[in-house]
Structures are given as structure tokens and as C-alpha cells.
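Structure first, then comments.
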Amino acid sequence: MTPKTRRALRLIALICLIVAILLAVAIVAGMLYLQRGSFNPLDSLVLIAVCMMVAICPVCLLTAIVLLVVQLIAGFISR
């Protein structure tokens, strides 16, 4: 694997990690918003969005971890 490919994998992994962190922050904010005590019918849309973010966040995190491990192993093999 070329250094350029490993660099691209590292960049994609970093982007996935940043997206996962931003999703985690958005999940916390959404849950705090939903726990405010009053109910608005449009809150169901917030609940749906939070549920989708909960489903996507671990996928982004695992993708970042797998890509980082792959590029690390490729770096060790190429030495």
C-alpha cells in the first residue's frame, strides 16, 4: 500500500471520527431537548432524528477504528 493510500485512509478515518463525535454531541443535545418537560407535537421529529443519529454514530465510530487499524497494519507491513 502506498503512502498516499495510507494518508487517504487516515484522512477518511479522521473525518469519520469527527462525524461520530459531532453525532454524539447532537444526540446528547437532542436528548436534553426532549427531556425539558413540555411536549410539542413536532418533538416527534426530533425524536426520529435522535434515533437515526443513535443508529449512525456507532457505525461511523467503528468505520474510523477499522480504517485506522488497516492503515496502521499496512504501515507495519510495508516497512
Exercise for review: For F76, state whether it is out of contact with any Phe, Trp or Tyr (no Cβ under 7 Å at 6 or more places or on another chain), surrounded by fewer than 16 Cβ atoms within 10 Å (Cβ to Cβ) and not in a helix (DSSP H, G or I).
Suggested key: no
Review point. What are the residues in segment 1-32 that are small (G, A, S) and touching a residue at least 12 places away in the same chain (Cβ under 8 Å), if any?
Key: A13, A20, A24, A26, G30
Check your understanding: Does segment 1-25 hold any residues that are exposed (fewer than 13 other Cβ atoms within 10 Å of the Cβ), farther than 30 Å from V50 by Cβ and not polar (S, T, N, Q), and which are they?
Key -> P3, K4, R7
Practice item. Please specify each residue of segment 1-55 satisfying the condition of being assigned to a loop (DSSP other than H, G, I, E, B) and under 30 Å from A74 (Cβ atoms). Key: M1, T2
Exercise for review: Would you confirm whether any residue within segment 38-55 is under 18 Å from the mean Cα position of the chain (by Cα) and polar (S, T, N, Q)?
Suggested key: no
Review point. Would segment 59-73 turn up any residue that is surrounded by fewer than 15 Cβ atoms within 10 Å (Cβ to Cβ), polar (S, T, N, Q) and either touching a residue at least 24 places away in the same chain (Cβ under 8 Å) or touching a Ser or Thr at 6+ places or on another chain (Cβ under 7 Å) (or both)?
Key: no
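Bear in mind that the values in this text are calculations on the coordinates, not laboratory data. A quick note: this is a predicted structure, and the numbers were derived from the prediction, not measured. Cβ atoms come from the backbone with ideal geometry, glycine included; neighbour counts cover every protein chain shown.
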